Amino acid sequence: MKKKLAPILFILFFFSTHLIFAQSIKLGKVSKEDLQEKFYPSDSSANAAVLYKKRRTYYDYNGDTGWTLFTKIQERIKIYNKDGYDWATKKINLYKGGVDEKVSIKGTTYNLVNNKIEKTKLKNNAIFSEDISENWRQSKFTMPNLKEGGIVEWEYTIRSTYFGNIDVMIFQDRIPIKHIDTEVKIPEFFQFKYLPNYYYPVTVNESKKSRTLNFTYRTKKDINAPGGVGGKTSTHSTEIDIFERVYSSIEKNIPAIVKEPYTNNINNYRSQVAFELMAYRPKNEPPKFFNSSWSEISKAINNSKNFGSQLEKSNHYVQDIASIVGENDTPSEKIIKAFQFIKSKIKWNGSQNKYTQDGVQKAYQNGTGNSAEINLSLVSLLRYLNINSNPILVSTRDNGVPLFPTSQGYNYVIAGVELNDGALILLDATESYSVPNVLPLRVLNWQGQIIRKDGSSESVNLFPKKASSKSIFLNAKINDQGLVTGSSRAMYTDLTALNYRNEYNNVENQDLIRILEKENQDIEISNLRVNNEENIGKSLMHMIAFQTDSHAELIGDKVYFSPLLFLTKKENPFKLKERTYPIDFGAPFEEKFTISIDIPEGYTIESKPENEAFALPDNMGLYKFVTIEKNNKLQVLSTFQIKTAIIPANDYGLLKDFYKKLVDKQLEKVVLSKK
């Protein structure tokens, strides 16, 4: 009897404990134990954690209005400290169209006060809605009465008539998730492409389930028919048996995705599943197919009145450009003049879009426009000047990497010029300080899609082939008290120059001095001069005169200092033991430091770091360090190159070790001793 009873007891215990757990995470019931918890058990560094998240996505049908897509989210989040308060704010994006998506929201904050659970409801007047683009609106709220240790929970339902807009199933976030329960039901009439992206392993089960679909519809009686007086409307109901594809997953204890330096949009690397609508196949009706390739999507975008037709408009600039571009100008001169002309005529309003909002003509007249109005104007002008120019669709970094064909995959457009030798010049006129083939970092995101005048399209690489550079020439003198004085001249090219100009060109000189003093490890700058701030055709340069007593240490009759002084890298930016997503530098780059240090009178170099060179495999990067002692001077040459914009995650260990060797080398000391 005991042998038979033991399995039964185990089963009863298993189901009873799971029932207790299910009850403990029911929304509206928060336990004192959860409120008393001081830190997340498996990640004590977490400022907040998702205790429970439940999602249900399903369809209903109405004979009058058609299909409606519902997505219901329930979420409970524990706030451990003030740094976790941001997780008490929720933003819900809703599509705007013929019939806007709608959302209903309710929420509660729980705090433990005098050993009693205090509830604070989210009020309707604390929920705000604003348009964030032409096609998207955002509902936003912050939970009330936030306190350290509190718990917030909310529930919202999105109602949409855009039956292809199934939101991505997200399984991982910047904070840990204790329990997540997700289910998406798709009626048999819809054909979706299932697109998983698992950087952290999760399991999604796919099954088929029968469903009886109940729907109602109304008919109006014909007043000419027998008994049709008044033409009254009748309501009918009917049922049909269908099947649904069900995608479901229950996961526990999912760790937070940790963002390290040199990361693209971190949301690209969380575990998730996307759904892309391929076809709608109603019964007794012909199927409707949707765009399934980048080529088809590009063609549909090009056919929009807010895209392709804008390229045909030219009357508004013809008279102005005639006085700037001459008949005898070379194609290169025409490209540069057109580029600068558009930059000067239309300033960017900060809006990223692949479609125009007011149109290129109005943007030209107003002197301001979104990214599409500026760069489509540039393409139009170049074509008018007989330059082979075409728009290039782009997904910016904050929009993510489009891993599958979707109309939402692109949110930006730049201009391209195809030369006879096959070379491609990339242009973005939203940037005042940009030059040809130097795109802003936000645009350096995988590939773009060029749309040619003949309707053809093709993927193009956006990453620059040429490395941007930062070169510093530094002359310094160390006295017998450890005071270091000197001057340095820094030169920036390409993307580093663009970033510098964007960040500092409008900063007052004294403010810039304070910024540079902080960035360069406690030096005092007595003079600063910047050259070529606005002359974007030349390298940007800044010169400083400095002194510091923080970079040479006197111990007895010896002086110790790092040979790169305040240019020394002191810390490896890569901390994780493993990294599951790629390292994204944005563009290849080079840092080259040439340093000359005068040794104080009466001292000699007792020891100095040995010369060394090491490299990453596959020509991904290298570091060279050379010192030369000559005429009571120490000359140092440090060259650091990253030759590829993106390094895959499986090379993370190699890169981490590479940076460790680089930092260790730069931290080695030069030792001076008295003669």
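For the stretch 558-565, state whether one or more residues are in a loop (DSSP other than H, G, I, E, B), modelled with pLDDT under 95 and either closer than 25 Å to Ile515 by Cα or not charged (D, E, K, R) (or both). Checked against the condition, which is being in a loop (DSSP other than H, G, I, E, B), modelled with pLDDT under 95 and either closer than 25 Å to Ile515 by Cα or not charged (D, E, K, R) (or both), the stretch 558-565 yields no hits at all.
For the stretch 109-121, the criterion of being outside any strand (DSSP E or B), open to solvent by 10 Å² or more (accessible area, probe 1.4 Å) and within 23 Å of Asp173 (Cβ to Cβ) is satisfied by no residue at all. Going by what's in this entry, would Lys38 be described as at pLDDT 80 or above, outside any strand (DSSP E or B) and either basic (Lys, Arg) or open to solvent by less than 40 Å² (accessible area, probe 1.4 Å) (or both)? It is true that Lys38 is at pLDDT 80 or above, outside any strand (DSSP E or B) and either basic (Lys, Arg) or open to solvent by less than 40 Å² (accessible area, probe 1.4 Å) (or both).
Of the candidates Ile525, Ile515, the single residue that is closer than 18 Å to His551 by Cβ, among the β-branched types (Val, Ile, Thr) and without any contact (Cβ under 8 Å) to a residue 24 or more places away in the chain is Ile525. Please verify whether Leu564 is among the hydrophobic types (A, V, I, L, M, F, W, C) and open to solvent by 40 Å² or more (accessible area, probe 1.4 Å), treating the condition exactly as stated. Taking the combined requirement at face value, the residue does not satisfy it.
Which one of these is touching a helix residue (DSSP H, G or I) at 6+ places or on another chain (Cβ under 9 Å), touching a residue at least 60 places away in the same chain (Cβ under 8 Å) and under 27 Å from Arg501 (Cα atoms): Ser469, Ser457?
Numbers: Ser457 fails: under 27 Å from Arg501 (Cα atoms).
None of the others qualify; the one that does is Ser469.
Looking at the stretch 122-141 only, could you name the residues that are surrounded by 17 or more Cβ atoms within 10 Å (Cβ to Cβ) and in contact (Cβ under 8 Å) with a residue 40 or more places away in the chain? Spell out how you get there, then give the answer.
We begin by selecting, within the stretch 122-141, every residue surrounded by 17 or more Cβ atoms within 10 Å (Cβ to Cβ); these are 122, 127, 137, 139, 141.
Listed by number, the residues that qualify are Arg137, Ser139, Phe141.
Return the total of residues in the stretch 20-79 being among the aromatic types (Phe, Trp, Tyr) and closer than 30 Å to Thr238 by Cβ.
In the first step, residues of the stretch 20-79 are kept if they are among the aromatic types (Phe, Trp, Tyr); the result is 21, 39-40, 52, 58-59, 61, 67, 70.
Now narrow it down to the ones that are closer than 30 Å to Thr238 by Cβ: 58-59, 61, 67, 70.
The qualifying residues number 5.
If the condition is being of a type in the set (D, E, K, R) and either modelled with pLDDT of 95 or more or closer than 30 Å to Asn265 by Cα (or both), then the stretch 584-620 contributes Asp584, Glu590, Glu591, Lys592, Asp598, Glu606, Lys608, Glu610, Glu612, Asp618. Taking Asp454, is it touching an Asp or Glu at 6+ places or on another chain (Cβ under 9 Å) and modelled with pLDDT under 95? Judged against the criteria, Asp454 is not a match. From the list Tyr355, Tyr364, the one residue that fits, being under 29 Å from the mean Cα position of the chain (by Cα) and of a type in the set (Ser, Thr, Tyr), is Tyr355. Return yes when Val636 is within 22 Å of Gly482 (Cα to Cα) and either open to solvent by less than 70 Å² (accessible area, probe 1.4 Å) or at pLDDT below 95 (or both) and no when it is not. Judged against the criteria, Val636 is a match. Return yes or no: is Gln547 in contact with a helix residue (DSSP H, G or I) (Cβ under 7 Å, 6 or more places away or on another chain) and under 21 Å from Asp598 (Cα atoms)? It is false that Gln547 is in contact with a helix residue (DSSP H, G or I) (Cβ under 7 Å, 6 or more places away or on another chain) and under 21 Å from Asp598 (Cα atoms). Scanning the stretch 378-437 for residues that are outside any loop (DSSP other than H, G, I, E, B), of a type in the set (Val, Ile, Thr) and under 30 Å from Phe275 (Cβ atoms) turns up Ile392, Val394, Val413, Ile414.
Just a yes or no: is a residue in the stretch 355-365 small (Gly, Ala, Ser), without any contact (Cβ under 8 Å) to a residue 24 or more places away in the chain, assigned to a strand (DSSP E or B) and open to solvent by less than 30 Å² (accessible area, probe 1.4 Å)? Step through it out loud before you land on a result.
So in the stretch 355-365, the residues small (Gly, Ala, Ser) come out as 359, 363.
Still in the running and without any contact (Cβ under 8 Å) to a residue 24 or more places away in the chain: 363.
Of the ones still in play, those that are also assigned to a strand (DSSP E or B) are none.
No - not one qualifying residue is present in the stretch 355-365.
The set of residues from the stretch 505-524 being among the β-branched types (Val, Ile, Thr), assigned to a helix (DSSP H, G or I) and more than 29 Å from the chain's Cα centre (by Cα) comprises just one member, Ile513. In this structure, is Glu101 of a type outside the set (A, V, I, L, M) and open to solvent by less than 20 Å² (accessible area, probe 1.4 Å)? Yes. Of all residues in the stretch 473-504, which are open to solvent by less than 40 Å² (accessible area, probe 1.4 Å) and either part of a strand (DSSP E or B) or at pLDDT below 95 (or both)? The answer is Leu474, Ala476, Ile478, Gly482, Val484, Gly486, Ser488, Ala490, Tyr492. Pairs linking a residue in the stretch 284-301 that is touching a residue at least 40 places away in the same chain (Cβ under 8 Å) and among the charged types (D, E, K, R) to a residue that is surrounded by 13 or more Cβ atoms within 10 Å (Cβ to Cβ) and assigned to a loop (DSSP other than H, G, I, E, B), with Cβ atoms under 8 Å and 6 or more positions apart or on different chains, are Glu296/Pro405. The set of residues in the stretch 310-354 being closer than 23 Å to Asn535 by Cβ, open to solvent by less than 40 Å² (accessible area, probe 1.4 Å) and in a loop (DSSP other than H, G, I, E, B) consists of Val325, Gly326, Asp329, Ile346.
The values are calculated or read from the model by the stated rules, or taken from the named source; none is laboratory data. Predicted, not measured: the structure shown is a model, and the values here were computed from it. For neighbour counting, all protein chains shown are included, and Cβ atoms are generated from backbone atoms with ideal geometry for every residue, glycine included. Just so you know, the surface numbers come from the protein's heavy atoms only, side chains and all, with ligands and any DNA or RNA stripped out. Shrake-Rupley method; radii C 1.70, N 1.55, O 1.52, S 1.80 Å.
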